[in-house]
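> Below is one structure. I have some questions about it.
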Amino acid sequence: MMRVELTVNGERRSDDVEPRLLLVHYLRETCGLRAANVGCDTTSCGACTILLNGASVKSCTVLTVQAAGGDVTTAEGLTPADGELHPVQRAFRQEHGLQCGFCTPGMVMATVGLLAENPHPTEAQVREGLEGNLCRCTGYHNIVRAVLAAASEQVSS
Amino acid sequence: MTHHADLAASELVRAEAPLLAHAAAQVGDPQIRHRGTIGGSLAHADPAADLPMALLALGGSVEASGPGGTRRIASDDFFAGFFETHLAPDELLTAVRVPRRPGAPWGYQKFVRRANDWAIVGVAATGGRIALANMGPVPLRAGAAEQALADGASIADAAQLAADGTAPGEDMHADVEFRRHLARVLTRRALDQRN
Ligand SMILES: Cc1cc2nc3c(=O)[nH]c(=O)nc-3n(C[C@H](O)[C@H](O)[C@H](O)COP(=O)(O)OP(=O)(O)OC[C@H]3O[C@@H](n4cnc5c(N)ncnc54)[C@H](O)[C@@H]3O)c2cc1C
Ligand code: FES
Ligand code: FES
């Protein structure tokens, strides 16, 4: 076991983990944060996307020990416990950017990362920016609309 | 080592070695570019990958450091076989060098069927060198096409030779003959793209 210290959704944590423990399993099982899903375990689907030090990464391809000292944000961390949804989450609801919801936490975190790097993307840049996130349900059109709505701040509360 | 996203965004690399910055931006998807590194990609030596092909086209080199010191290995001598390099077991890749070529024409073609995928075939061309991805167990030079260009052949005629001396494999994406066809077509496009 190894001791890791890191910040998860603003909370400082210190945990003993196996060196091989993937960050997504640490978040889901040790921290009890179940937003990041495991869809493929091969860095393909994007369902496990979180922010590590502000950049979107697939948490099935990061060892927990590699995140030591880092700052992790999951979809849970976008919203204070009793607060309202993050504008990107509201945009996904408003534009019906989800059906079963499995891909949604990853889509939302990839979008937050994309808009941090490029606050006003074109539709083509949105589609390329989300190319690492697969959705089996929506056909992507409403997801793209949701991202463009979030970027133009045309989201009702 | 430097993440693909940092390489792609670097003003210095974009100005001095734009082909390398462009190649880094073609890798996978944003999340992969935030994690993957140029050193990891070169040491991994996937023949279908972007950065090994780019390094070979640029005629760059790597530095390998181990208990015996540091040595430089040219890209032409670095790739040993399928996912194998000439790094010794006790060596780490500690630096990557490419010639400065601000303003030099270059072309880059990557054929994929799915978003965020590796090249089914890739071609990078600059400064008289043409490198191919996924046309054999290692990234390869299109030597016959390079020679024809140097001898004054037209782009169309030189590109016809792009698959000579290659040994592509077959998989669910493409058979051998389709890969050879892609190498010729993509080489012509990469050479046309240079100006
Ligand atoms: C879904 C997916 C899609 C991808 N698409 C593409 C693509 O389109 N194009 C492309 O080019 N690549 C692609 N990749 C690969 C990606 O670019 C990674 O860069 C590559 O796998 C190397 O990852 P890494 O830098 O994290 O190295 P690691 O995975 O950490 O290391 C790879 C290997 O190299 C060794 N190694 C790492 N660094 C060094 C070093 N400095 N010295 C010596 N040995 C070292 C490691 O021990 C290991 O054996 C894709 C990957 C995935 C998962
Ligand atoms: S579970 Fe991580 S990318 Fe699919
Ligand atoms: S909403 Fe079901 S996978 Fe995207």
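The values are calculated or read from the model by the stated rules, or taken from the named source; none is laboratory data. Keep in mind the model is a prediction, meaning the values are calculated, not measured. Cβ atoms come from the backbone with ideal geometry, glycine included; neighbour counts cover every protein chain shown. For the accessible areas, the whole protein counts, side chains as well, though only heavy atoms, and no ligand, DNA or RNA atoms are used. Shrake-Rupley method; radii C 1.70, N 1.55, O 1.52, S 1.80 Å.
> Find me the longest stretch of chain B that has none of the exposed chymotrypsin sites (Phe, Trp or Tyr not before Pro), where exposed means in a DSSP loop (not H, G, I, E or B) with at most 15 other Cβ atoms within 10 Å.
No qualifying site falls inside B:84-195, the longest such stretch.
> Using DSSP to define loop residues, name the trypsin sites (Lys or Arg not before Pro) in segment B:100-195 whose beta-carbon has at most 12 other beta-carbon atoms within 10 Å.
When the trypsin sites (Lys or Arg not before Pro) of segment B:100-195 are filtered for loop state and at most 12 Cβ neighbours within 10 Å, B:R100, B:R113, B:R114 remain.
> While we're here: With a length cut of 24 Å (Cα positions projected on each helix's long axis) and a Kyte-Doolittle mean of at least 1.0, go through chain A and give me the DSSP H helices that pass.
Helices meeting the span and hydropathy rule in chain A: none at all.
> Can I ask one more? What is chain A's relative contact order, in percent, from Cα pairs under 8 angstrom and six or more apart in sequence?
24 percent
> Further, regarding this structure: So which GluC sites (Glu not before Pro) in segment A:53-157 pass both tests, a DSSP loop state and at most 13 other Cβ atoms within 10 Å of the Cβ?
A:E84, A:E153
> Along the charge dipole of segment B:76-183, which of B:A125, B:A80, B:V138 sits closest to the positive end, that is, farthest toward it, with unit charges on the beta carbon of Lys, Arg, Asp and Glu (+1, +1, -1, -1)?
The residue sitting most towards the positive pole is B:A125.
> Once phi is turned into ³J(HN,Hα) by the Karplus curve 6.51 cos²θ - 1.76 cosθ + 1.60 with θ = phi - 60°, what whole-Hz value does each residue of segment A:53-67 show in order, with x for glycine and proline?
After applying 6.51 cos²θ - 1.76 cosθ + 1.60, I find 6, x, 9, 5, 9, 8, 6, 7, 10, 10, 6, 4, 5, 6, 8 Hz.
> Report, to the nearest whole %, how much of the accessible area of segment A:1-153 belongs to carbon and sulfur atoms, 1.4 Å probe, protein only.
So the carbon and sulfur contribution to the accessible surface is 50 percent.
> For segment A:6-155, build the charge dipole from Cβ charges (+1 Lys, Arg; -1 Asp, Glu) around the Cα centre, then report which of A:V112, A:Q99, A:G129 sits farthest towards its positive end.
Going by the Cα projections, it comes out as A:Q99.
> Compute, for segment B:4-97, the length of the dipole vector about the Cα centre, with Cβ point charges of +1 (Lys, Arg) and -1 (Asp, Glu) only. Units Debye, rounded to 20.
140 debye
> Further question on the same structure: Tell me the total accessible area that B and A bury against each other, 1.4 angstrom probe, in square angstrom rounded to 100.
So the total buried area for this chain pair works out to about 1000 Å².
> Quickly estimate the mean residue ellipticity at 222 nm for chain A, helices only: each DSSP H run with n ≥ 4 gives -39500 (n - 2.57), and the total goes over all residues, rounded to 500.
It comes out at -7500 deg cm²/dmol, rounded to the nearest 500.
> Short version: which residues of segment B:25-40 lose at least 20 Å² of accessible area, all chains versus chain alone, 1.4 Å probe?
Those are B:D29, B:P30, B:Q31, B:I32, B:H34, B:R35, which lose 20 Å² or more relative to the chain on its own.
> Let me make sure I get this right: for chain B, a, b and c are the square roots of the gyration tensor eigenvalues over alpha carbons, sorted descending. Under 1.5 in a/c it's rounded, otherwise prolate if a/b > b/c, else oblate. Which is it?
It is rounded, given that a/c, with a ≥ b ≥ c, falls under 1.5.
> Another question, then. Give me the accessible area per residue for the protein assembly as shown, probe 1.4 Å, as a whole number in Å².
Ligands and nucleic acids excluded, the result is 46 Å² per residue.
> Further question: Got a sec? Charge dipole of segment B:7-99, +1 on Cβ for Lys and Arg, -1 for Asp and Glu; which of B:A15, B:V96, B:G60 is way out at the positive end?
The Cα lying farthest towards the positive end belongs to B:A15.
> Something else about it: Looking at segment A:107-131, which residues lose a minimum of 10 Å² of accessible area between their chain alone and all protein chains in place, measuring with a 1.4 Å probe and not counting ligands or nucleic acids?
Buried-area filter returns A:E117, A:G129, A:E131.
> Would segment A:87-156 count as rounded, prolate or oblate if I go by the C-alpha gyration tensor, calling it rounded below 1.5 in a/c and otherwise prolate when a/b exceeds b/c, oblate otherwise?
Since a/c reaches 1.5 but b/c is at least a/b, the shape of segment A:87-156 is classed as oblate.
> Also: How big is the charge dipole of segment A:87-156 about its Cα centre, in debye rounded to the nearest 20, if each Lys and Arg gets +1 on its Cβ and each Asp and Glu gets -1 on its Cβ?
For this selection, approximately 260 debye.
> Let me know the charge dipole size of segment B:24-174 about its Cα centre in debye, to the nearest 20, where only the beta-carbon of Lys, Arg (+1) and Asp, Glu (-1) is charged.
580 debye
> Now for a different question. What is the angle, in °, between the Cα long axis of helix B:176-193 and the longest principal axis of the Cα atoms in chain B? Nearest 10 is fine, range 0 to 90.
That helix lies at roughly 80 degrees to the long axis.
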